[in-house]
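Visitor: The following block contains the structure, expressed as structure tokens.
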Amino acid sequence: MNPTDSAMPTLSLLTAYRGKHRETNLRILLRWLQRIRKTEGFADFELIVAEGDTAPIVREISSQHEWVRYVFTYMPHILNKSVLLNRSAEIARGAFVIPLDVDLLPAKGVLQLHVELAAASPRCLLAG
């Protein structure tokens, strides 16, 4: 997805990422989300990868899918996950956002269920 796309996703998944050692986790997460889009038929989401490191590592990985967006923040010392999640929230286009760790895989049907629950009760904060 690029900023000029007219079709806005309902759900934005926010992922904080740092370190080459997590690249395998990111690749697995991307394959898992691609499977959800194809086999479950739920594609009304975007993934925003917010990388905090000394140099961009995963820009190329995230650019392989049109539904993945990427933001980089220079963090030479300690990973500040909150800063990364806030950076990704700034560019999120979904009506709803969910932070998603790079090493967690959503269970079957859970993304669509989150959207349905959030839409039914917009004043209630849901996470899981």
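Visitor: Checking the condition among the basic types (Lys, Arg) and farther than 18 Å from residue 108 by Cα, which residue from 37, 18 passes?
Guide: So the residue among 37, 18 that is among the basic types (Lys, Arg) and farther than 18 Å from residue 108 by Cα is 18.
One line per residue, one yes/no per condition, for (1) of a type outside the set (D, E, K, R); (2) touching a Leu at 6+ places or on another chain (Cβ under 7 Å):
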position	(1), (2)
55	yes, no
58	yes, yes
83	yes, no
90	no, no
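Visitor: Scan region 2-28 for residues that are under 15 Å from residue 64 (Cα atoms), open to solvent by less than 50 Å² (accessible area, probe 1.4 Å) and either modelled with pLDDT of 95 or more or among the charged types (D, E, K, R) (or both) and jot them down.
Guide: 23
Visitor: Can you name the condition, by its number, that residue 65 falls short on among (1) surrounded by 17 or more Cβ atoms within 10 Å (Cβ to Cβ); (2) under 17 Å from residue 25 (Cβ atoms)?
Guide: (1)
Visitor: When you check residue 110 against the structure, is it open to solvent by 60 Å² or more (accessible area, probe 1.4 Å) and closer than 19 Å to residue 43 by Cα, yes or no?
Guide: Spelling it out, it is not the case that residue 110 is open to solvent by 60 Å² or more (accessible area, probe 1.4 Å) and closer than 19 Å to residue 43 by Cα.
Visitor: While we're looking at this one, here's another question. Looking only at region 77-98, count every residue that is more than 11 Å from residue 14 (Cβ to Cβ) and open to solvent by less than 50 Å² (accessible area, probe 1.4 Å) and tell me the total.
Guide: The number of residues fulfilling the criteria is 1.
Visitor: If you check residue 127 against the conditions, is it assigned to a loop (DSSP other than H, G, I, E, B), modelled with pLDDT of 90 or more, of a type in the set (A, V, I, L, M) and loosely packed, with under 11 Cβ neighbours inside 10 Å?
Guide: No: the conditions fail for residue 127.
Visitor: Residues of region 41-70 being of a type in the set (A, V, I, L, M, F, W, C) and out of contact with any Pro (no Cβ under 9 Å at 6 or more places or on another chain), which ones?
Guide: The answer is 42, 47, 48, 49, 50, 55, 57, 58, 61, 68.
The values are calculated or read from the model by the stated rules, or taken from the named source; none is laboratory data. These numbers come from a predicted model, not from an experiment. Methodologically, a virtual Cβ is constructed for each residue, glycine included, from the backbone with ideal geometry; neighbour enumeration extends over all protein chains shown. All accessible areas refer to the heavy atoms of the entire protein, side chains included, with ligands and DNA or RNA removed. Shrake-Rupley method; radii C 1.70, N 1.55, O 1.52, S 1.80 Å.
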